[in-house]
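Worksheet: the structure to be examined is printed underneath.
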Amino acid sequence: MRAVRVAEYGGPEVLVPMEVPDPVPGDGEVVVRAEAVDTIYVETQIRRGDWGEAFGITPPYVPGGAAAGTVVSVGPGVDPSWIGRRVLAGAGTRGAYAELVLTGVDRLVPVPDGLGSREAAALAHDGVTGIGIMEGIAIKPGERVLILGAAGGMGTLLVQLAHSAGAQVVGAARGAEKLAMVKRLGADAVVDYTEDGWTERVREAFGGLPADVLLDGVGGELGGQGFALVADGGRVSAHGAPSGGFAELDEASARRRGIALRGIADVQFDAPEIVRLAATALTEAAAGRLRPVISREFPLSQAADAHRAIEARSVPGKALLIP
């Protein structure tokens, strides 16, 4: 089969298509013929070597953590009725930048009728994390919610979910095109956080009041600036680090102000929880209540171009690989 392999850490050029042996399922495993493969920003950070060891991934390796397609074979102990079913090989799968993807049956999520494989793949990571964040933060109608990184794969979902919860949503992103998209998805106001004075515009959008909830998908200095906009007694989810690191938040100050902090550790789920959250996201999408934004599709052989586009911040919403 065809797969994309990384022989050493480096730039996008280290993503090299090649022929590799077809996977053979072992106990409790299945093989999925991929129709769409998810991509997320953290995969570029692993490929560069920034976070590889933290995730236990060292070259040589095949990137990718989720794909949607059809089960073509099963290993010992797996119900053969899975063969031929449309599924999502959920988050935690390894080596998904490939035509055939090996995964555990414990990570399979059936794809509902009426939902395409592309949409399912686009929800594999961001849908799980987004639904998990919303369950943990528990947004109430009328609350003021600031979303940083609102135009990203997960940010676009959080905008929709917060809007559906009845919140007043301000989405922060970069560039007129992305901001217009965030507005269409349900944000009450949008702010470009690359412009001077962006925090003042957030306050103005909230009528001079602080945010009840901050959903930080950016991290770094911007995350810290967003934290300063949160009301005493508010809630913060600091789950993103595409800026290079998570926001450095003053935990002592948060305790004094009664701000509840949630971080990336709070959205690390085991396989049963991944399956439950993914199933929820897929069900919401099939019902038309949640829409992943897929703006770019690349052939599997052009995975390097996909990484270049992701790193250049030129992909609103999601980019997928299509074997």
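Here, each number is a calculation from the coordinates, and none is a lab measurement. Bear in mind that the values here come from a model prediction, so they are computed numbers and not experimental data. Neighbour counts are summed over all protein chains in view; Cβ atoms, including those assigned to glycine, are modelled from backbone coordinates with ideal geometry.
For segment 126-267, the convex hull spanned by the alpha carbon atoms encloses 94 Å³ per residue.
Say R0 is 25 Å: what FRET efficiency, to the nearest 0.05, do ASP50 and ARG291 get from their beta-carbon distance? Given R0 = 25 Å and the Cβ-Cβ separation, E is 0.20. Relative to the longest principal axis of the Cα atoms of the chain, helix 153-164 runs at roughly 60 degrees.
Would you look at the GNM of the chain, springs on alpha carbons closer than 10 Å, and say which of ALA54, ALA241, ALA254 moves the most? Greatest mean-square fluctuation among the candidates belongs to ALA54.
For segment 142-218, the list of chymotrypsin sites (Phe, Trp or Tyr not before Pro) that fall in a loop by DSSP and count at most 14 other C-beta atoms within 10 angstrom is empty. Its DSSP H runs of at least 4 residues, each contributing -39,500 (n - 2.57), put the calculated 222 nm mean residue ellipticity of the chain at -8500 deg cm²/dmol, to the nearest 500. For segment 96-204, the C-alpha radius of gyration divided by 2.2 N^0.38 Å, with N the number of residues, is 1.25. Most simply put, segment 164-323 has about 0% antiparallel DSSP beta bridges, counting only bridges with both residues inside it.
Normalised Debye scattering of the chain at q = 0.16 Å⁻¹ gives log10 I(q)/I(0) of -1.31, counting only Cα atoms as equal scatterers and leaving out solvent. Site-free segments of the chain were taken between GluC sites (Glu not before Pro) in DSSP loops having at most 16 other Cβ atoms within 10 Å, sites themselves excluded; the longest one is 9-194.
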